[in-house]
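No lab work stands behind these numbers, since they all come straight from the coordinates. Keep in mind that this is a model prediction, so the values were computed, not measured.
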Ligand code: BGC
């Protein structure tokens with residue numbers, strides 16, 4: 001079996017699993033530990049090590065972070081401790097997980113988008129697709145015939161005077177106590193903006209709330225087709241595991 005380990009670092013939990021790279025299925029249990037507070041690089045790396053040790057895994061590891069990642073350096077930190085900015089993630093995780101280990105780090109939405117192409121929605125493979133994750137923030141992956149343009153940050157586009165993710169992430173739905181309809185109207189506003197600027201063929205929406213797409217999808221009014229992701233919460237872990245073996249991390 002062709003396997004690797006994927007870790008998804010999120011705002012509330014850090015999750016990891018062994019992934020079968022031929023099928024995209026998890027091998028054994030997914031392990032989840034609450035994100036340490038504050039979620040500094042050292043604290044997160046220590047938690048990642050704990051997960052890897054629990055899984056008794058000694059092979060390659062792909063890790064997602066909710067940040068811009070270039071040359072394995074973390075360059076932004078909208079929903080994670082600000083001390084991540086300027087962190088050499090490659091050095092950090094090697095120091096904690098072992099110098100000999102094969103490691104790569106990439107943006108969480110980019111990882112999820114790549115996983116969706118490989119093992120999820122068949123339509124993700126063709127044309128210009130904007131993949132979005134609606135969670136603590138809004139993450140984005142631009143996909144052109146299944147190939148990734150990494151580090152797009154559509155969650156921070158200003159829509160009606162504020163960042164899209166402050167208004168239309170699933171955290172915003174909870175924070176403002178919005179109904180699905182009210183929240184969907186905000187998502188719709190952001191999608192209209194993205195549509196006008198990028199004219200994609202398709203939007204694919206991931207993140208936990210995509211599971212309830214039947215409740216809010218009908219309120220969307222963009223011309224572009226919008227569909228929920230297939231892989232949902234597994235996508236980040238799968239994409240991370242893929243990235244380390246395929247060397248597709250930025
Ligand atoms: C970050 C992105 C990330 C997204 C989802 C945004 O706030 O800037 O890099 O992909 O949240 O976690």
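Taking the chain as a Gaussian network of alpha-carbon nodes connected by springs under 10 Å, the highest mean-square fluctuation of the residues 17, 168, 196 belongs to 196. Springs between Cα atoms under 10 Å define the GNM used for the chain, and in it the highest mean-square fluctuation of 59, 137, 206 occurs at 59. Values of log10 I(q)/I(0) for the chain across q = 0.09, 0.12, 0.14, 0.17 Å⁻¹ run -0.35, -0.63, -0.86, -1.25, by the Debye formula with one identical scatterer at each alpha carbon and no solvent. Short-range pairs are left out: with C-alpha atoms under 8 Å and at least six residues apart, the relative contact order of the stretch 123-229 is 28 percent.
The stretch 120-159 and the stretch 177-226 have Cα centres separated by 13 Å. GNM remark for the chain: springs join alpha carbons under 10 Å apart, and the peak mean-square fluctuation among 228, 218, 66 falls on 218. With 0.36 nm allotted per residue and the present C-alpha distance subtracted, the residue 215-residue 54 stretch has 54.2 nm of extension available.
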